[in-house]
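A short worksheet on the structure shown next.
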C-alpha cells in the first residue's frame, strides 16, 4: 500500500455538538492504527470521521500523536475557559459519571440558547422561564425537571457563585403506579427457562426483589 504523502495531510480537530473532538483522517493504515490507541475513540460511518472524548489534555495528546503532520485546532477547543467548560471540568474532577456530565452541560446550553444571554447575565426570571418551558412546552417529568435544576444550581451556585438559584423550589414527584407482573406471567417466564442455573437466578432475582443497580 502506498503511504499517503505526509506533507499533504492536514488534520483538523473540531468540537462536536455532543462535546467531543472530531478529526477526519485519510485512509491510511498507520494513521488508523494511531487513532485506535486513543481510549474512547469512535468511528462514525455516515460522517466518515473519528471522534474522541473531550477530556483534559486530549488536544495535546492528539497533537503529539500526529506530531509529524499538520494539525489544526478549532479555537473552541483552546483559549479562555468559559463557564460551561469550567463546570464540565469541575464535574469530572468530582468523579460525576460521564452521562451526568453530558446532561448537566446540555441543560445549561439549552438554557443559554433559550434566553440568548451570557451565563453571567442570566437571572432568576430566565431560569424560571426555562423550567416552565420544560414542564409545559416539553412536558418533562418531575425527575427531568429535578435534573435540570441540579444542573443549573451546580453551574450558577458552585461555578459562578450566584445566590439566586438557591431560592428555586423543586417540583413535586410524579405519582405513577408501578407495572407489576401477574403470578401467571411470572410462571410463564420461569417456565420458558430450561437450564436450572438460569432459572435459579431468575427466581432469586424475582423473589428477593433485586434491582438492576
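Bear in mind these aren't lab numbers, they're just calculated from the coordinates by the rules spelled out. Small disclaimer: the values here were computed from a predicted structure and weren't measured. Glycine also receives a Cβ, built like all others from the backbone with ideal geometry; neighbour counts cover every protein chain displayed.
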Within region 140-161, work out how many residues are outside any helix (DSSP H, G or I) and either free of Cβ contacts under 8 Å to residues at least 24 places away in the same chain or out of contact with any helix residue (DSSP H, G or I) (no Cβ under 9 Å at 6 or more places or on another chain) (or both). 3
Restricted to region 75-91 and to residues being touching a helix residue (DSSP H, G or I) at 6+ places or on another chain (Cβ under 9 Å) and under 23 Å from residue 35 (Cα atoms), the residue surrounded by the fewest Cβ atoms within 10 Å (Cβ to Cβ) is 78
